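> Below you'll find the structure I mean.
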Amino acid sequence: APRILAAGAVLGVLALTRENALILLGAIPVWLWLRFRDRAPWQRWQWLAAFGLGAILILAPVGLRNWIVGDTFALTTSQLGTNFYYGDHRGATGSYVPLMPGRSTPDYESRDSKWIAERALGRELSAGEVSDYWLSRGLEFVREHPGEWLTLNLRKVAMVWNEFEIADTEDLYVYAES
């Protein structure tokens with residue numbers, strides 16, 4: 001169990017730098033449970049608890065800190081909704097497209113997402129409320145245009161297997177040349 005506790009903690013640290021790694025908090029326990037079916041259920045439950053505890057030891061203090069300073073209990077950042085919307089909205093291409101044309105640098109992302117959401121709702125928003133606003137917009141697209149959303153995600157899958165690394169806000173090929 002100590003190695004599994006450590007694995008949970010490592011996943012927690014990874015999630016602090018790549019929040020999409022949080023999906024592994026569900027996938028790894030399922031894998032552990034199914035992969036080791038030959039082990040006693042009590043042992044597998046012990047492993048799941050150790051794995052979860054390892055992740056909680058890393059992520060809970062971050063969530064508490066975010067709640068204290070930002071009124072939002074977020075395990076990593078409060079960008080889930082905004083990031084989801086970037087990738088899943090009408091007009092999304094599978095590549096990065098800024099919320100406001102001509103403002104495709106990290107300096108503008110947070111500011112623009114907050115400004116647009118506050119303007120749409122007519123009031124000042126916390127970071128969590130901004131995230132909730134964008135998540136609801138992205139999920140609205142998924143609900144109202146499931147075929148278009150499926151086509152978009154098939155395009156993204158094809159892009160993953162592309163031999164060219166698609167730039168986000170920084171281009172790896174520029175770094176490689178330097």
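> Kindly indicate which of Arg44, Arg65, Arg35 is on the phi < 0 side of the Ramachandran plot, out of contact with any Phe, Trp or Tyr (no Cβ under 8 Å at 6 or more places or on another chain), among the basic types (Lys, Arg) and modelled with pLDDT of 95 or more.
Arg35
> Does segment 16-24 include one or more residues that are over 22 Å from the mean Cα position of the chain (by Cα), part of a helix (DSSP H, G or I) and surrounded by 15 or more Cβ atoms within 10 Å (Cβ to Cβ)?
no
Residue-by-condition table, conditions (1) open to solvent by less than 70 Å² (accessible area, probe 1.4 Å); (2) closer than 29 Å to Trp149 by Cα; (3) of a type in the set (Gly, Ala, Ser):
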{"site": "Gly52", "(1), (2), (3)": "yes, no, yes"}
{"site": "Ile58", "(1), (2), (3)": "yes, no, no"}
{"site": "Tyr85", "(1), (2), (3)": "yes, yes, no"}
{"site": "His89", "(1), (2), (3)": "yes, yes, no"}
{"site": "Gly94", "(1), (2), (3)": "yes, yes, yes"}
{"site": "Gly102", "(1), (2), (3)": "no, yes, yes"}
{"site": "Glu109", "(1), (2), (3)": "yes, yes, no"}
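> Which of the residues that make up segment 71-83 are within 28 Å of Gly147 (Cβ to Cβ) and either assigned to a loop (DSSP other than H, G, I, E, B) or open to solvent by less than 30 Å² (accessible area, probe 1.4 Å) (or both)?
The answer is Gln79, Gly81, Thr82.
> If you don't mind, there's one more thing I want to ask. Go through segment 114-136 and give me each residue that's more than 20 Å from Arg103 (Cα to Cα) and charged (D, E, K, R).
Arg123, Glu124, Glu129, Asp132
> Between a residue in segment 134-157 that is crowded, with 16+ Cβ neighbours inside 10 Å and any residue that is part of a helix (DSSP H, G or I) and among the charged types (D, E, K, R), which pairs come within a Cβ distance under 9 Å, given they are 6 or more apart or on different chains?
Phe141/Glu148; Trp149/Arg143
The values are calculated or read from the model by the stated rules, or taken from the named source; none is laboratory data. For clarity, every value in this text was computed on a predicted model and none was experimentally measured. Virtual Cβ from ideal backbone geometry, glycine too; neighbours counted across all protein chains shown. The protein model used for the area step is the full one, side chains on, heavy atoms only, and it has no ligands, DNA or RNA in it. Shrake-Rupley method; radii C 1.70, N 1.55, O 1.52, S 1.80 Å.
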